Amino acid sequence: MNANSFEIIGLGGKKGLSGKVSISGAKNSVLKLMAASLLNKGKTTITNIPDNEDVLRMIEIISDLKGVSVKRSKDTATIDASKLNGFKLKEDVAKRLRASVVLTGPVLARVGKVSFPHPGGCVIGSRPIDLFIDGFEKMGAKVKFDQKAYTVEAKSGLKGAKIFFKTQSVTATETFMIAASLANGQTILSNVAMEPEIIDLGELLKKFGIKITGLGTPTITIEGQKEIAISAVEHKTVPDRIEAGSFLILGALAAKKLVIENCQPKHLEIVIEYLKAIGTKIIVKEDSIEVEGAKKLLPSNIKTHEYPGFPTDLQAPMAVLLTQALGDSLIFETIFEGRLNYIDDLVKMGANLTLWDAHRVQVKGPSPLKGRELEGPDIRTGFAFLIAAIIAEGQSKISNVYYIDRGYEKIEEKLQSIGVSIKRVN
Ligand code: EPU
C-alpha cells in the first residue's frame, strides 16, 4: 500500500480544463482476461493492460500459483499456465481483491480443486459469494469452509449445468463462463450480467476455441472442452468505460473542451444521454467523445442498474456533478448498500445532500464547493473526491490515494495534462 496523498488547487467553478485524455484498458476486463488465461496450456498474451494496483495484485496472485509464469512488459502480459497445478490463492492478497474470486473458475476447472479466502475488495456493501457456491455445487463440486478459507473440489472434473443466477452478477457470470469452458458437457447460464467486459472475456474464450453463444444477452450457453492448448493467443483489452465516464463527468463540470480518446462511446450510451439531458454539449465520434462544460446544469434523477443501465461505478462522480445542477436531484443506488459513503465529506465541502436511506440520497443544487481534506474510501468515491476537489474553491488534500491507484492509471499525469493543478505528495 502507498501512503501518498494528492494536493489539488481547485478551479472555483471555472471551466478551466481543456485538451485530450487517452483511456486505458478496462481494469474490470483485464483482471478476468488474466484469470481466463489460466485455462490455456499455451501462452496467452493480453495487451492494453492498465498500469494500476489491482492489475499488480492479480499478477501477484497468479504468479504465486504453482506452475504459472507471468511476463510483463509495458502494457502487455504473457501468461504461461501450461504446468498449472497449484490450487491455493495467495490469501493475504486474494482477500483484498474482489476479482480474485474469478480465479476459482479456471483453477477448479484445470486442477480439480481450489482454496481461497473470502474475496474482499472495496467496502461498498456486503459482497457475498453465495452465487459462486451454488453454481459450483450445481456443476458437481463439493464446497467446504473452515473459518479462514473455502475449499471447492471436483475430483472427477466439473459437469456442465443449468445455472440461473438469482441476482445478476458480473464476477459470477465471468467465473462460470470460464469454469464451463472446461466442464464436461453444455452449461447454460441464465440471468447473467451483460457488461461489455463480459463480452470481452467471451471473445477471448472464443479465441481459445470455446463454442459460446448469447454474449451480451441474459442467457449464455457454453460447450465445455476437454482441454485448451493453443500455443499463442493474443487479446487486446477493451477500453475502460468507467475511466472514460469519469472524465466525461469531470469535463461536463469543468472543461472548456475535453476530448476523451481511445474509448468506446457505445459502452457509455446511458451516461451520454444523462449528460446531454442535464445540459452538456457532447459530440460522439467513433472512438472518442468531445465534451464541453455546461453554463447551467439541470437536475436529474439517477437510478443505478446493471448494464446497459446507469453504472454503479459512476454513481458517486455523478452525485458530485448534481451538486452543481439547479434544483433537486435524486440518486437511487440499487446495486450496493454501501455506496453513498461520500455524503458527509461532500456536505462538509458545502453540498446540500440529504440521505434518505442506505440506497437513496437527495441533492439540492447548485452549491459552490470549498476545498478540504478528504480520504477516498474506495476507488470510485476516490475519483468522485478528485472531481469535487477540482471544481472546489481553494486547496484540497485527498489521502488514501491507494484506492484511486487501484483503478486508475497515472491519474495525476492525465489530470495535469488537461490543466488540473494536482501534486502527489508522500
Ligand atoms: N451478489 C450476490 N451474491 C453473489 C455475488 C453478488 O448477492 O454471490 C450481489 C452483490 O451483493 C450485488 C450484486 O450481486 O448486490 C451485483 O454485484 P456483482 O457481483 O455484479 O459485483 P462484482 O462482480 O463483485 C463488479 C465490479 C465492480 C462493479 C460491479 C457492478 C469487478 C472486479 N468488480 O463487482 O467494480 O461495481 O461489478 O457493476 O469486476 C470497481 O471497479 O470499483 C468496482 C467495485
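Couple of notes before you dig in:
- Scanning region 162-197 for residues that are crowded, with 20+ Cβ neighbours inside 10 Å, within 16 Å of the ligand (Cβ to nearest atom) and over 20 Å from the mean Cα position of the chain (by Cα) turns up Ile163, Ala179, Leu189.
- Comparison of Asp54, Asp64 shows that the only residue that is surrounded by 19 or more Cβ atoms within 10 Å (Cβ to Cβ) and over 30 Å from Lys296 (Cβ atoms) is Asp54.
- Total residues in region 296-353, condition open to solvent by 20 Å² or more (accessible area, probe 1.4 Å), within 12 Å of the ligand (Cβ to nearest atom) and in a strand (DSSP E or B): 0
To keep it simple, each residue is scored yes or no on (1) at pLDDT below 95; (2) aromatic (Phe, Trp, Tyr); (3) on the phi > 0 side of the Ramachandran plot.
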| residue | (1), (2), (3) |
| --- | --- |
| Lys66 | no, no, no |
| Val101 | no, no, no |
| Ser115 | no, no, no |
| His118 | yes, no, no |
| Arg127 | yes, no, yes |
| Phe132 | no, yes, no |
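- Summed over region 31-51, the residues that are surrounded by 22 or more Cβ atoms within 10 Å (Cβ to Cβ) and among the hydroxyl-bearing types (Ser, Thr, Tyr) give a count of 2.
- Helices (runs of 4 or more DSSP H) contained in region 77-152 and holding at least 1 residues surrounded by fewer than 24 Cβ atoms within 10 Å (Cβ to Cβ) and within 15 Å of the ligand (Cβ to nearest atom): 91-94, 130-138
- Residue within region 374-383 that is closer than 19 Å to Gly279 by Cβ, in contact (Cβ under 8 Å) with a residue 40 or more places away in the chain and within 20 Å of the chain's Cα centre (by Cα) present: no
- Remark: pairs (first residue in region 407-426, of a type in the set (Ser, Thr, Tyr); second residue in a loop (DSSP other than H, G, I, E, B) and open to solvent by less than 30 Å² (accessible area, probe 1.4 Å); Cβ separation under 7 Å; 6+ apart in sequence or on different chains) = Tyr408/Asn52.
- Selection of region 40-72 for residues being among the hydroxyl-bearing types (Ser, Thr, Tyr), in contact (Cβ under 8 Å) with a residue 40 or more places away in the chain and over 19 Å from Ile178 (Cβ atoms) yields only Thr47.
The values are calculated or read from the model by the stated rules, or taken from the named source; none is laboratory data. If you're wondering where the values come from, they're calculated on a predicted model, not measured in any experiment. In this analysis, Cβ positions are derived from the backbone assuming ideal geometry, glycine residues included, and neighbour counts consider all displayed protein chains. SASA here: full protein model, heavy atoms, side chains in, ligands and nucleic acids out. Shrake-Rupley method; radii C 1.70, N 1.55, O 1.52, S 1.80 Å.
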